[in-house]
Amino acid sequence: NLMQAQLEDEQARREELEKHKTAFVEHLNGSFLFDSMYAEDSEGNKLSYLPGVVAWSPEDVVGTCH
């Protein structure tokens, strides 16, 4: 049933998070790293507006991290 499947998915996510915490890599399987690095990077924000500068997106970083 749907509720059981949702509970199993949530349990699997919790178990994966615990595994990542043990390895000190929690939240690196998403855009958290990119977001935290880019949020306070005023120079990076300025560069993103210059023509010809290759912009990295969270999807690029997440793809590299996986």
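Laboratory data are not the source of any read-out in this text; all were calculated from the coordinates shown. These figures come from a predicted structure and were not determined experimentally. Note: ideal-geometry Cβ built from the backbone for every residue, glycine included; neighbour counts use all protein chains shown.
Observations on the structure shown:
- Other residues within the sphere of radius under 12 Å centred on the Cβ of Ser31, judged by their own Cβ, net out at -3 (K and R +1, D and E -1).
- Rounded to the nearest whole Hz, the Karplus-based 3J(HN,Hα) values (6.51 cos²θ - 1.76 cosθ + 1.60, θ = phi - 60°) of the range 36-48 follow the sequence 6, 6, 7, 4, 9, 8, 5, 5, x, 5, 5, 4, 5, with x at glycine and proline.
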